[in-house]
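Contents: one structure, followed by commentary.
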């Protein structure tokens with residue numbers, strides 16, 4: 001996930017906007033112990049978007065879940081359990097096995113309209 005050139009700041013919060021609506025964004029640093037999810041944790045993040053969008057969040061390029069990004073003039077938050085990401089009918093066992101996380105727009109959605117921030121692992 002790459003910081004955007006036009007990140008939106010609100011109350012000290014700075015986020016990133018994916019720049020490629022076709023490819024979305026992906027971060028592959030989760031194999032590094034410094035960034036690896038603690039066992040049993042959930043993924044929490046904030047987002048800002050004034051038009052509703054649908055995106056697909058993936059882990060390890062196989063496990064996916066579709067997310068409804070609702071419209072608001074305020075920052076919103078979302079927390080995901082690993083088992084919400086599915087591959088061939090089976091949920092991701094734990095975030096600690098995720099080496100990469102990606103976000104892609106669904107057909108007809110525009111991921112460049114969403115600002116993401118504060119990705120963190122929470123218990």
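Every number here is computed from the coordinates shown, using simple stated rules; none is lab data. Given the structure is predicted, the values throughout are model-derived calculations rather than measurements. So basically every Cβ, Gly included, is an ideal-geometry build from the backbone, and we count neighbours across all protein chains shown.
In a residue-by-residue description of segment 25-34, the property of being on the phi > 0 side of the Ramachandran plot and in a loop (DSSP other than H, G, I, E, B) applies to no position. Residues in segment 38-54 that are within 22 Å of residue 91 (Cα to Cα) and under 14 Å from the mean Cα position of the chain (by Cα): 42, 43, 44, 45, 54. The criterion of at least 3 residues that are touching a residue at least 60 places away in the same chain (Cβ under 8 Å), touching a strand residue (DSSP E or B) at 6+ places or on another chain (Cβ under 9 Å) and crowded, with 20+ Cβ neighbours inside 10 Å is met by the following strands (runs of 3 or more DSSP E) wholly inside segment 38-106: 42-48, 101-105. Counting the residues of segment 107-118 that are surrounded by 15 or more Cβ atoms within 10 Å (Cβ to Cβ) and assigned to a strand (DSSP E or B) gives 3.
For segment 14-24, the set of residues classified as farther than 18 Å from residue 79 by Cβ, in contact with a strand residue (DSSP E or B) (Cβ under 7 Å, 6 or more places away or on another chain) and in a loop (DSSP other than H, G, I, E, B) consists of 17, 18, 21, 24, listed by residue number.
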